[in-house]
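The values are calculated or read from the model by the stated rules, or taken from the named source; none is laboratory data. Small disclaimer: the values here were computed from a predicted structure and weren't measured. We place every Cβ from the backbone using ideal geometry, glycine too, and count neighbours over all the protein chains shown.
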Amino acid sequence: MSLQISNITVNEAKTKNNSKRFKVRLAENADEIELCLRLRYRVFAQEMGAMLSTKEVGIDQDRFDEFCKHLMVFDNETGDVIATTRLLISEDAEKSGLYYSETEFDLEPILSQHGRFMEVGRTCIDSKSRKGSVLAILWQGIAEIVVKEKVDYLIGCASISLRTGDSYISSVMHTLRNKHFSPNNLRARPLIPLRLEKQLVDDVLLPTLLKGYLRQGAMICGEPHWDAEFNVADVFILLPCEKMSKRYQRHFFERV
């Protein structure tokens with residue numbers, strides 16, 4: 001497995017409830033990257049039923065992984081990687097030829113903005129670790145890299161499951177349109193638009209990862225793309241780092 005190893009160090013996450021049990025950092029060698037890829041396979045293929053176009057059974061890997069930095073949350077008690085996400089910074093996207101998000105959206109209005117971009121993708125948490133602060137710890141690691149790499153915009157695709165039916169996705173999109181859509185000049189055009197019914201459900205619960213983006217000030221840049229491989233609707237996320245709420249700046253950008 002030939003994958004790029006980053007030399008960026010991410011500080012150990014210290015929270016009131018977790019002490020030093022969990023550590024968030026970048027994968028440092030090919031073996032650690034493989035642990036991240038295996039966790040992704042367990043979550044996406046075995047749990048969610050995604051039809052992954054991977055060459056090796058048990059590993060979720062595509063053409064972008066070799067250009068990405070792989071962030072992981074490590075459980076010191078069990079020795080397991082319990083959460084991971086991959087990060088693609090502007091200059092590494094140039095090496096790969098494009099961002100993953102560009103396989104789903106026309107991003108010309110977004111990428112024409114001045115500044116450094118970092119794409120966050122393939123985020124997942126082990127099923128036994130989804131309650132508690134693991135997601136917050138993962139975000140702390142992302143935020144530290146944002147600071148060190150002087151990133152201006154976080155971008156990425158947030159997924160909404162299609163397994164729950166048309167009324168759910170329609171209701172989620174109705175909520176996003178009313179409260180969280182970007183200005184018209186910052187819209188991403190889906191390459192495979194998803195046709196939505198008009199059935200709506202009141203008080204719909206947003207997916208956890210999507211809700212995490214929105215709490216930090218992210219915008220939804222238009223209508224969803226249909227990702228048949230994962231059986232999800234993807235919406236494009238744009239998060240200007242300078243516009244993150246002061247509450248989350250204090251929490252995530254705290255220097256350890």
- Looking at E223, E229, which is the one that is exposed (fewer than 13 other Cβ atoms within 10 Å of the Cβ) and either among the charged types (D, E, K, R) or modelled with pLDDT of 95 or more (or both)? E229
- Would you tally the residues in the range 213-222 being under 13 Å from D234 (Cβ atoms) and either in a loop (DSSP other than H, G, I, E, B) or in contact with an Asp or Glu (Cβ under 9 Å, 6 or more places away or on another chain) (or both)? 2
- Any idea which of (1) among the hydrophobic types (A, V, I, L, M, F, W, C); (2) within 12 Å of F236 (Cα to Cα); (3) out of contact with any helix residue (DSSP H, G or I) (no Cβ under 8 Å at 6 or more places or on another chain) is the one L186 doesn't satisfy? (3)
- Out of all the residues in the range 144-153, is one or more over 13 Å from T85 (Cβ atoms), of a type in the set (A, V, I, L, M, F, W, C), touching a residue at least 60 places away in the same chain (Cβ under 8 Å) and surrounded by fewer than 16 Cβ atoms within 10 Å (Cβ to Cβ)? yes
- Item | Filter pass, L210 being more than 16 Å from Y100 (Cβ to Cβ), part of a helix (DSSP H, G or I) and at pLDDT 90 or above | yes
- Test result for I142, among the hydrophobic types (A, V, I, L, M, F, W, C), part of a helix (DSSP H, G or I) and closer than 28 Å to Q46 by Cβ: yes
- Query: Taking the range 97-128 only, how many residues are more than 18 Å from the chain's Cα centre (by Cα) and small (G, A, S)?
  - Reply: 3
- Evaluate the following for S161: is it touching a strand residue (DSSP E or B) at 6+ places or on another chain (Cβ under 7 Å), of a type outside the set (D, E) and surrounded by fewer than 17 Cβ atoms within 10 Å (Cβ to Cβ)? yes
- Could you grab me the full set of residues in the range 106-129 that are within 18 Å of R86 (Cα to Cα) and hydrophobic (A, V, I, L, M, F, W, C)? F117, M118, V120, C124, I125
- Note on the structure: Taking the range 187-199 and keeping residues modelled with pLDDT of 75 or more and either assigned to a loop (DSSP other than H, G, I, E, B) or under 11 Å from H174 (Cβ atoms) (or both) leaves R187, A188, L191, I192, L194, R195, L196
- Of all residues in the range 187-240, how many are hydrophobic (A, V, I, L, M, F, W, C), more than 19 Å from the chain's Cα centre (by Cα) and over 28 Å from Y41 (Cα atoms)? 4
- Task: For L205, work out the one condition from (1) farther than 19 Å from L239 by Cβ; (2) outside any loop (DSSP other than H, G, I, E, B) it doesn't fulfil.
- Result: (2)
